[in-house]
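Take a look at the structure below.
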Amino acid sequence: MKLKDIGEISLIKGFAKTMRLDSSVVKGSGDDAAVIKWTRDKYLLMTCDMVIEGVHFKLPGASPFDIGWKAMARNISDIAAMGGLPRYALVSVAIDAEKSVLFARELVKGMIAAASRFKVNIVGGDMSRSKKLMIDISLTGEVEKPNVVLRSGAKAGDLILVTGAIGGSGKGRHLNFIPRVKEAREIVTRFKLNSMIDISDGLVMDLWRILDQSRVGATLYQNAIPLSKDAGPFKEAISEGEDFELLFTMSIGEARRFFRTYLGKMKTPVTLIGEITKKKDGYELVNGEGKVEKLGPKGYVHF
């Protein structure tokens, strides 16, 4: 049996079951970041993410600065999805020795630019040679205990909201997006969220991850989902991934309070796109014609 026969999702779940964690771990595998007991008031957040030539970017095509930015920004986005602030990064790079020094300098400039914007300290790392460019970043963050948000807290009756717009990231936005740290902090410090994730593998897939962890269902409304100006056909837009927007749920009461008292103060749009239902009701989309379609874990997976 090959890895592609099992699939990425099942493989990760299988590995996670074999990991024995001690009482210092609040949340291990299965979220945007691990949550670790740290101080009396805060949790430590830990995440890691890779970008690989031919998978996450193409050469020639993407600039080295943009590749470096994306490598750091996608990790920062994971910390944002937990409601936290990014702090310290370790960077590992595998690169072809035939690349120019200028290319390497621009790559690092991109990482430093993203790190500086979000006050991340790059504290070390590793380097190796490889025919294909690969960057692996491990990032820590912190979050106040009342403000941490997991994927597993969605409840039937919650409303589903999303920042920004969906689709068309492949036209360039996936290389220079701005992680939604500011937006996440604005919301989690003022309102109670029940679950949250950043959209890296597509709206449909990443909402399914919340449903799977929370053991609930959902109904999405096609006409409510905001599409970017670069988005292609609807079904493609909601499944292609790398939007790096925040997808979150909150109770009707909290959502009402959010829309009434704070939405107008935010520079980034936030849109109500659906509702959480009971697990037995399944995962559904009400399309533009009002017909109900079944949804599932469809989006970007590596195998």
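Cβ crowding within 10 Å, taken as a proxy for footprinting-reagent exposure, orders Trp208, Trp38 from fewest neighbours to most as Trp38, Trp208. Cα convex hull, the range 1-139: 135 Å³ per residue, rounded to a whole number. When you count the other C-beta atoms within 10 angstrom of each residue and take the mean per peptide, 191-201, 117-127, 261-271 line up highest first as 191-201, 117-127, 261-271.
A simple charge model with +1 on the Cβ of Lys and Arg, -1 on the Cβ of Asp and Glu and nothing else charged puts the dipole of the range 147-224 at about 180 debye relative to its Cα centre.
Dipole magnitude for the chain: about 640 debye, using +1 per Lys or Arg Cβ and -1 per Asp or Glu Cβ, origin at the Cα centre. Computed from point charges on the beta carbon alone (+1 for Lys and Arg, -1 for Asp and Glu), the dipole magnitude for the range 196-303 about its Cα centre is near 560 Debye.
Ordering Val286, Leu175, Ala231 by Cα displacement along the dipole of the range 160-303 toward the positive end leaves Val286 in first place; charges were set at the Cβ atoms of Lys, Arg (+1) and Asp, Glu (-1).
Once you sort the root eigenvalues of the Cα gyration tensor of the range 202-277 as a ≥ b ≥ c, which label holds: rounded (a/c under 1.5), prolate (a/b larger than b/c) or oblate (the other case)? Walk me through the intermediate numbers first.
Numbers: a/c = 2.00, a/b = 1.17, b/c = 1.71.
Oblate, because a/c is 1.5 or more while a/b does not exceed b/c.
Each principal axis of the Cα cloud of the range 104-245 was evaluated for its coordinate range; sorted largest first, these ranges are 49, 40, 24 Å. Spin-label model, Leu3 to Lys278: label points 7 Å out along the Cα-to-beta-carbon direction sit 4.1 nm apart. Return the subset of Lys229/Lys294; Lys99/Lys119; Lys4/Lys27; Lys17/Lys182; Lys37/Lys294; Lys42/Lys298 for which the Cα-Cα distance in this structure is over 32 Å, preserving the input order. With Cα atoms farther than 32 Å apart: Lys17/Lys182; Lys37/Lys294; Lys42/Lys298. Between Arg117 and Arg20, what is the label-point separation in nm under the 7 Å Cα-to-beta-carbon projection? It is 4.4 nm.
Distance between the modelled labels on Arg257 and Lys145, one decimal in nanometres: 2.1 nm (7 Å Cα→Cβ projection). For the chain, the residue among Ala156, Ile122, Gly241 whose Cα projects farthest onto the positive side of the dipole built from Cβ charges is Ala156.
Of the beta bridges in the chain, as assigned by DSSP with both residues counted there, near 75 percent are antiparallel.
Since every read-out is calculated from the coordinates, none of them should be taken as a lab result. Computed from a predicted structure; not experimentally measured. Counting neighbours? That spans all protein chains shown, and the Cβs are built from the backbone with ideal geometry, glycine included.
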